Structure formats: structure tokens, C-alpha cells
Amino acid sequence: MTSASRTTRADAVSARVVLAFDFDGPTGDAMVTGRIWQRPGYFTLGAYGAHRAVPRILDILRDHGVLATFFTPAWVVRTWPELCRRVLEEGHEMAGHGDLHEMFYGRDRDDQAAILRRSQDTFRDVLGRRALGFRAPSGDIAPDTLPLLAEFGYTYSSSMRGADRPYLHREVPLVEIPAKSLFDDYSVFAYHRAPDFPRGLDRIAAYAPVFRSWREEIDAAAEEGLTVSTIWHPKVIGTPGRAVLMDEFIGCLMARDDVRVLRADAVAAEFHEGEGHA
């Protein structure tokens, strides 16, 4: 360990953990192209998140008295409005994740603006409030994306992967709450037939070692006072067996005195108030 690391650890405060769920449902590339409407098997694979997994996850969060952030495409809000309103009623945050889970990279400014406008209109009309946070599908943004997010009323993003603490984007009043791909349940638990992402996976990891590795990352984050955000998908992590281990994982977080579990908007607010600067 370097002397710089020792200094960081010695001066560390508690870690912050954002339990962030990408509530995608069946949205994604297949929906953008229209292919999904000819493949009901793919549609129902994604819809499992809304029908079974999210209610299960909400019950677990309620039992632990913990609040989470749900990054949600507007199509999901329009399709399952009562469930999304339940998310809000139970104290959680609903945040933006595109309209149909569109990739922003490679799109021109007008296309991106149209997606963000539809998304915020849906949040306002269905949920009675606009989204403050945004997570870019697949974490990819275009040069115009960040200024557009600010223009459409977003105050923070959780799209980038390259830091351990929140930071302010240059020239845009937008806080970034980085998320790490190692906390992406897709990379270890998803075995979905194309067109669902990620393509080419040929196995699912054993459950317990994955959750153990996540706990080890939290241990290290607590020593350095870092911020961790998950990239969990209800249709992936919300199956019965994984939900049991997620329940245990959250219980361990809540039992610690060196970890605070916060909604993403609360982390962004702390940053704006000068309490959560990098």
C-alpha cells in the first residue's frame, strides 16, 4: 500500500452505497428496432422484472428500512404505472433511463433531446414529478448528452465508470455518481438469449462468491470513504435464489457503522451542499 493510500485510509469517513436498480423491463435494442414484438419469449423474459422481481425487491427494501434508486425507461413507467407509483410511495427514487432504453452515443442532438423530452413528459404526467437523475443505457453518452441533461432538468448522472467518488462535470452543473461495472449483475448472472444483452455469455456464476466479492469491495470502500453504486437489474438479481442473498447483503450493509445507504439524489444533494465532494 502506498503512503498516499495510507493517508486516504487514515482520513476516511464512512462509505456511501447507492442501491441502484436499472428497471429496464423488456426495453432495449430489440424494442427500439421493433424485433421484440415478434418474439414474445424475449418480451416476457424482460417483463419478469415488473411482474415478479420488483415487488419482491420492494418487500426486501421495506423490511430493511432502506431506500433505493430505480433508473427506469419511460416506456416502463407508462406500461406499469401503478408499480412505479408504488416505488415512489415507498420512499424510493425514480430516475431516468431513456425512453425505450436507447443508446445515446451516436445519436444527434435532436434525437437525444426528443428522447429526454418524452421521458420527462412521462415522469411528469404519470408520476407527477420529473426525474432528477439519469443513467445512460449501457453507460454510453454523446458529446451533447450532458448539456441536454441539464437543459431538461436533470441534476445528476450515474453513467460513467471511471471514479470512486462523485464529481462535478466541467462546464455543466451536473454531478456524476460513478457506478462500477463489477457491481453489474448482468456480467455474472445474466444468461439471456439474443437479442438481450450481453450476447455470448455461456455460463452463470455461482451466487455466493459474487455477493462475497461485492462485500469485499464494500469493505475496501469503507476504509477509504468511497461511494459505491450498484447496477442491478430486477429481472436479473430479483429471482428467488439471488433475492435471498441480496437480502442478506443489504442486511450486512445496514448493520455496519461505517457505511451509509442512500438514494442517488441524496448523494448528489450532499455534493451540492459541499458535504460529499471528492
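Data for the structure
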| read-out | value |
| --- | --- |
| Added length on full extension, which subtracts the Cα-Cα distance from 0.36 nm per residue, Val244 to Ala220 | 6.3 nm |
| CD proxy at 222 nm, helix term only [per DSSP H run n ≥ 4: -39500 (n - 2.57); per residue of the chain; nearest 500] | -12500 deg cm²/dmol |
| Largest-first ellipsoid semi-axes for the chain, taking √(5λ) over the Cα gyration tensor eigenvalues, angstrom | 28, 23, 18 |
| Principal axis box of segment 105-244, alpha-carbon based, largest edge first, Å | 43, 39, 31 |
| Lys/Arg +1, Asp/Glu -1 at C-beta; the chain dipole; positive extreme among Ser158, Pro26, Pro178 | Pro26 |
| Heavy-atom surface of the chain, accessible at 1.4 Å and reported per residue (Å²) | 45 |
| Cα-projected label distance for Ile204 with Thr33, points at 7 Å along beta-carbon direction, nm | 2.5 |
| Accessible-area ranking of Glu223, Glu102, largest first, probe 1.4 Å | Glu223, Glu102 |
| Ellipsoid semi-axes in whole angstrom, largest first, where each is sqrt(5λ) of the Cα gyration tensor of segment 99-149 | 19, 11, 10 |
| Chymotrypsin sites (Phe, Trp or Tyr not before Pro) restricted to segment 65-157 and DSSP loop, no more than 10 other C-beta within 10 Å | none |
| DSSP bridge pairs, the chain: antiparallel proportion in percent, nearest 5 | 10 |
| Selection from Phe249, Ile237, Ala268 lying farthest towards where the dipole of segment 207-278 points positive, charges on Cβ | Ile237 |
| Taking only Cα atoms of segment 73-122, radius of gyration then Dmax in Å | 12.1, 37 |
| Accessible surface of the chain [probe 1.4 Å, protein heavy atoms]: carbon and sulfur percent | 51 |
| Extension gain from His272 to Asp110, taking 0.36 nm per residue of separation minus the Cα-Cα distance | 55.4 nm |
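The values are calculated or read from the model by the stated rules, or taken from the named source; none is laboratory data. Because the structure is predicted, anything quoted here is derived from the model rather than measured. FYI the Cβ positions are ideal-geometry reconstructions off the backbone, even for glycines, and counts take in every protein chain you see. Keep in mind that these areas ignore ligands, DNA and RNA; they rest on the heavy atoms of the full protein, side chains included. Shrake-Rupley method; radii C 1.70, N 1.55, O 1.52, S 1.80 Å.
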